[in-house]
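Take a look at the structure set out below.
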Amino acid sequence: MDRLRIAIQKSGRLQEGSLALLKESGLVFSNGREQLKTQVRNFPAEILFLRDDDIPQYIEDHVADVGIIGENVRLEKGKNNDLIKRLDFAKCRLSVAVPKAEEYKGINFFQGKNIATSYPNIVREFLEQNKITAGIHEISGSVEIAPGIGLADAICDIVSTGSTLLSNGLKEVEVVLQSEAVLVADPEISEAKKTVLENLLFRIEAVQSAKNNKYILLNCPNDSVEKITNVIPGMKSPTVMPLSRKGWSSLHSVVNENDFWEKIDLLKSFGAEGILVIPIEKMIL
Ligand code: ATP
Ligand code: ZN
């Protein structure tokens, strides 16, 4: 069978999340430091370890079939690939920053100025959309020092906490793009590989749903079962089992992480006791 070639970052900020996602999806492979390529032992795929910036080109050239990259790189490179799924890690933003002492009143600040960046295409598009004419100075690293050494008036770079900006005397003034890791694919892969990709996607979705949900067990008076079922309906409906104590039941369900605390209060008000909340490893809807 055709092996699906999955490209991930060799080392850097995407590496850990990419490896974790594939491993939690049940793919077993070794990731030795020196390796460029490795076979997955229990799934028709192989992993390529590459620089993240190169992945879109490898996909366009049909050397890799799918890849995990940041949306920032996907948009900057503009190569031919389909966005298959947002992956909920490596969240960051691409922002414009100016020296702290500048008085910034709005985007017209950039008219006629020079912006240093590793993302010339994204910045060009951003300037066009805002009808600003400014110079773009492309540099590949240490962008944040550019204003300090007189190379540019502003920068556009990845920000996560903003501490790098601060320590270089800069302040963030506009967010150009919100980014996270995404799974992208060559639109022209074979039918056989498409089937493998669908299988992988199914597993990724099971891992993601599991992360967003918790298994919940509680004891409640029998006459609260219906009210509690309405609060935590679970996947189809909760499991209800009688306790040996008369008039009481044990109720098992699934609850979404996001509205968990709000629901707990409601459950307690309906007489729920002994509430246990347990992580779920995989969840198939
Ligand atoms: P490579 O050597 O593979 O080219 P790199 O130096 O270009 O690595 P990293 O710094 O490892 O790249 O960042 C890879 C991706 O991770 C970025 O393109 C971005 O999508 C995301 N990212 C960058 N910085 C952060 C951050 N501080 N927090 C979260 N995600 C980030
Ligand atoms: Zn890179």
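Scanning the stretch 254-265 for residues that are of a type outside the set (Phe, Trp, Tyr), more than 17 Å from ALA210 (Cβ to Cβ) and open to solvent by 80 Å² or more (accessible area, probe 1.4 Å) yields GLU262, ASP265. Scanning the stretch 59-83 for residues that are at positive phi and within 12 Å of ligand 1 (Cβ to nearest atom) yields a count of 0.
One residue alone among VAL28, VAL40 is farther than 30 Å from GLY162 by Cα, aliphatic (A, V, I, L, M) and open to solvent by 10 Å² or more (accessible area, probe 1.4 Å), and that residue is VAL28. Residues in the stretch 2-19 that are under 16 Å from GLU191 (Cα atoms) and touching a helix residue (DSSP H, G or I) at 6+ places or on another chain (Cβ under 6 Å) were compared, and the one that is farthest from ligand 1 (Cβ to nearest atom) is ASP2. Filtering the stretch 93-116 for residues that are farther than 18 Å from ALA181 by Cβ, without any contact (Cβ under 8 Å) to a residue 24 or more places away in the chain and within 16 Å of ligand 1 (Cβ to nearest atom) leaves an empty set.
Figure legend. Inter-residue proximity from the stretch 186-207: first residues within 13 Å of PRO44 (Cβ to Cβ), second residues open to solvent by 50 Å² or more (accessible area, probe 1.4 Å), beta-carbon distance below 7 Å, spacing 6+ or different chains. Indicated pairs: SER190/ASP2; ALA192/MET1; ALA192/ASP2; LYS193/ASP2. Summed over the stretch 86-110, the residues that are open to solvent by 60 Å² or more (accessible area, probe 1.4 Å) and closer than 11 Å to ASP153 by Cα give a count of 1. Restricting attention to the stretch 111-128 and to residues that are open to solvent by 60 Å² or more (accessible area, probe 1.4 Å) and under 22 Å from GLY70 (Cα atoms), the residue that is nearest to ligand 2 (Cβ to nearest atom) turns out to be ASN121.
Screening the stretch 149-251 for strands (runs of 3 or more DSSP E) wholly inside it with 1 or more residues that are closer than 28 Å to ASN80 by Cα and open to solvent by less than 20 Å² (accessible area, probe 1.4 Å) returns the ranges 154-159, 170-179, 181-185.
Residues in the stretch 147-159 that are modelled with pLDDT of 95 or more and under 17 Å from GLU102 (Cα atoms): ALA152, ASP153, ALA154, ILE155, CYS156.
Screening the stretch 43-58 for residues that are of a type in the set (A, V, I, L, M) and within 13 Å of ligand 1 (Cβ to nearest atom) and picking the one that is surrounded by the most Cβ atoms within 10 Å (Cβ to Cβ) gives ILE55.
Filtering the stretch 2-29 to residues that are in contact with a strand residue (DSSP E or B) (Cβ under 6 Å, 6 or more places away or on another chain), without any contact (Cβ under 8 Å) to a residue 40 or more places away in the chain and farther than 13 Å from GLY67 by Cα leaves only PHE29. When the residues of the stretch 20-42 are filtered to those that are within 19 Å of ASP88 (Cβ to Cβ) and out of contact with any helix residue (DSSP H, G or I) (no Cβ under 7 Å at 6 or more places or on another chain), the one that is nearest to ligand 1 (Cβ to nearest atom) is ALA20. In the stretch 160-182 there is no residue that is modelled with pLDDT of 95 or more and closer than 21 Å to LEU285 by Cβ. Name the pairs whose Cβ atoms lie under 7 Å apart, with the first residue in the stretch 52-63 and more than 15 Å from ligand 2 (Cβ to nearest atom), the second in a helix (DSSP H, G or I), and 6 or more positions between them or separate chains? Going by the 7 Å Cβ cut-off, there are no qualifying pairs.
The values are calculated or read from the model by the stated rules, or taken from the named source; none is laboratory data. The structure displayed is predicted, hence computed values, not measured ones. Heads up, the Cβs are rebuilt from the backbone with ideal geometry, glycines too, and the neighbour counts pull from every protein chain shown. Ligands, DNA and RNA are stripped out before the accessible areas are found, and what is left, the full protein with its side chains, is counted by its heavy atoms. Shrake-Rupley method; radii C 1.70, N 1.55, O 1.52, S 1.80 Å.
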